1. Given charges of +1 on the Cβ of Lys and Arg and -1 on the Cβ of Asp and Glu, with all other atoms neutral, how large is the dipole of the stretch 36-185 about its Cα centre, in debye to the nearest 20?
2. Under the rule of -39500 (n - 2.57) per DSSP H run of 4 or more residues, summed and divided by the residues of the chain, what mean residue ellipticity at 222 nm is obtained, to the nearest 500 deg cm²/dmol?
3. When the chain is fully extended, how far beyond the present Cα-Cα distance does N33 get from D331, taking 0.36 nm per residue of separation?
4. Indicate, rounded to the nearest 5 percent, the antiparallel portion of the DSSP beta bridges found entirely in the chain.
5. How many Lys pairs in the stretch 199-335 lie less than 14 angstrom apart by Cα atoms, where the lysines are 8 or more positions apart or on different chains?
6. If the cut-off is a Cα-Cα distance under 19 Å, which lysines reach K124, setting aside same-chain residues fewer than 8 apart in sequence?
7. I'd like the FRET efficiency for Y167 and K118, computed as 1/(1 + (r/R0)^6) with the beta carbon distance as r and R0 of 22 Å, rounded to 0.05.
8. For the chain, with a Gaussian network of springs between Cα atoms less than 10 Å apart, report the residue from N266, N342, N305 with the top mean-square fluctuation.
Amino acid sequence: MKNTALTDKHIALGAKIVPFAGYNMPVTYEGINAEHATVRNGVGVFDVSHMGEFILKGDNALDLIQRVTSNDASKLFDGKVQYSCLPNKDGGIVDDLLVYRIDEKSYMLVVNASNIEKDWNWIKQFNDKDVEMHNISDKTSLLAIQGPKAADALQTLTDVDLASMEYYTFGKGTFAGVNNVIISATGYTGAGGFEIYFDNEHADKIWDAIFEAGKAYNIKPIGLGARDTLRLEMGFCLYGNDIDDSTSPIEAGLGWITKFTKEFTNSEALLAQKEAGIQKKLVGFEMIDRGIPRHDYEIADADGNIIGKVTSGTQAPSLQKAIGMGYVTKDFSKEGTEIFINIRNTPIKAKVVKFPFYK
C-alpha cells in the first residue's frame, strides 16, 4: 500500500485508515454522518492525493485528447475544466476523468486512483503523433476543500479571487506562500468548493495553513466515507460501481459528455446505440419501505422478475432516507415507477426518482 504525503497527519488526527485503490486512505475521523453535515453546511478537507494526474503537451495534445475522450475538448479555453470519459472499443468506459486546459498546447488529465496505470497505457497506445506525456501522479498532492464556506475559509491564503471563480474553471497562483498551485472550482460533493494541486513537498505546510485559516469556520478533515455519501446524494457516478468497462456512457446517462461532432474511440457504435435506443438505463431510486440498498443487490418488478441491479446505495444523511442507483431495463426507468430491491431475499419497495436526490 502507498501512502499520501499526508498519511501521518491523518493517523495523528485519529482517522480510521483503510486500503483504497492501492493507498492507505482515511475513511472517517469522527463519523460519516457528522463529516457529511460539515461539508453540506460548512467546510471540510479531503485528502484525495491518490488521484492520478497526467500532463499532455505539444502541437498534437488536443488531437490526442479528442481521439481518446468522449467530450469535445476543442470547446475548452485556458483555465477551463471539462468532465469526460475514455470509451473503450467494446461499448464500455475505461475511466471517467477531468480535462484541464492549461494553454493551447498543454493539458492536465485527472483520472481515478485505481485506474492510473490502466489509463496511462490506454492513452499511450493512441499517441502516434509525438505528444509529450508526463505521469505526475506520484509527486502531486490534491486536496478538496468542499462546502459553502470554502471560499471564505481559504481566501486569505491566495491572491486568486475565489468567490468570483466560476464552476469548472481553474487558476494558477500562490497559495499559502507556495507558488504554482492549481486552484480549481471543482469537486465531487455538490456542496461547492475547490480542489488544489501542488507538489508533495508542500503538503504539510499547505495542510496546516488551511486548518489555521479555516479555524473561524470550524473547518474539519473529512474521510472517503462521507465523500461517497455526498456524491451519491448528487447522483454522481463512481467508477467501479456505477460505470465500468462494461457500461456504456449512453446507458449511464452520460450522453451530455458524449459528443458526436467528432470521431473518438468507438464513437460509431455509441452513436448507433443512441439512435437505436438503449435497453437498460442507470436510474436513481429512493426506498419506500425500510431497508438500505447495497452494491450488487438485485432489482425486481412486482412479480419478482429480475430487471436490474443496484450499483450504489446508502442511507443518505441529508435526506434521512435510503437511496440508490442502479441499471434497470428501459420499461422501468421512468420517474415514479415502482421497483423492488431484493434485500436478504426479501423484496423491499422503492421508486425511481430524478437526479440529483439532494436539491
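1. Values: 14 positive and 21 negative charges, 41 e Å.
The dipole of the stretch 36-185 has a size of about 200 debye.
2. -5500 deg cm²/dmol
3. Values: separation 298, 0.36 × 298 = 107.28 nm, distance 3.50 nm.
In short, 103.8 nm is gained.
4. Antiparallel bridges make up about 95 percent of those DSSP assigns within the chain.
5. 9
6. K57, K89, K105
7. On the way: r = 29 Å, r/R0 = 1.30.
Plugging the Cβ-Cβ distance into 1/(1 + (r/R0)^6) gives 0.15.
8. N305
Rule-based calculations on the coordinates, nothing more; no lab input. Just so we're clear, the structure is a prediction, and the values are computed from it rather than from any experiment. Note that each Cβ is placed from the backbone with ideal geometry, even for glycine, and that neighbours are counted across all protein chains shown.
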